Amino acid sequence: MSEIEMEPPLLADVYPALVSFLDAALVGDGEPLLAQTLVRLRFHGWCGCSLTCRYLRTAPTTRAANAWFHVDDEDAPRVWLQLDQDHASFAGMEICEFDLGPAPALDPDRPVDVL
């Protein structure tokens, strides 16, 4: 398989703390089926509309629906998950207030202001 044909890395390999957090939050919100989809999500990169855009893609852009699932703290939004067209998984997510940890080698293009 050539480099062009390779699948994007799993989101859990790029941002394991994010996937762990989302899994616990979705299960806690009564969404265990959506939580189960997290292990299969691929990291398709950041939106790219600006250097500081906080939207990361977990599916091709054409898969995104106009429906969101908000994972919030008591005081602030943390991560907003954009459902895919089937509402069975996620096409992307807006990282509002979440520390992604160090940017691993798999994500050299992470926006500068996303922790």
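The values are calculated or read from the model by the stated rules, or taken from the named source; none is laboratory data. All of these numbers come straight from a predicted model, not from anything done at the bench. Backbone-built Cβ (ideal geometry, glycine too); neighbour counts: all protein chains shown. Accessible surface is based on the protein model in full, side chains and every heavy atom, while ligands, DNA and RNA are left aside. Shrake-Rupley method; radii C 1.70, N 1.55, O 1.52, S 1.80 Å.
Some notes on this structure:
- In order along region 77-88, the phi-based Karplus estimate (6.51 cos²θ - 1.76 cosθ + 1.60, θ = phi - 60°) of 3J(HN,Hα) comes to x, 9, 9, 10, 9, 8, 5, 7, 4, 8, 6, 10 Hz; Gly and Pro are listed as x.
- Of the solvent-accessible surface of region 1-109, computed with a 1.4 Å probe over protein heavy atoms with every protein chain present, carbon and sulfur atoms account for 54 percent.
- Amide H partners (placed H, <5 Å) of R42, local residues excluded: L11
- Residue-averaged 222 nm ellipticity for the chain, from DSSP H runs of 4+ at -39500 (n - 2.57), nearest 500: -5500 deg cm²/dmol
- Between region 35-68 and region 84-101, the Cα center-to-center distance that results, in Å: 6
- Modelled label reach - D86, point 7 Å along Cα→Cβ, region 22-40 residues with backbone N closer than 15 Å: 33-40
- Solvent-accessible heavy-atom area per residue, rounded to whole Å², over region 1-77 at 1.4 Å: 62
- Calculated log10 I(q)/I(0) by the Debye sum over Cα atoms at q = 0.12, 0.13, 0.22 Å⁻¹ (choose from (1) -0.66, -0.71, -1.09; (2) -0.39, -0.46, -1.41; (3) -0.46, -0.53, -1.22), label: (2)
- Each Cα pair under 8 Å and six or more residues apart adds its sequence gap; the mean of these over the residue count of region 9-115 is a relative contact order of 25 percent.
- Two-site FRET efficiency, C49 against V27, from Cβ-Cβ distance with R₀ of 30 Å, rounded to 0.05: 0.40
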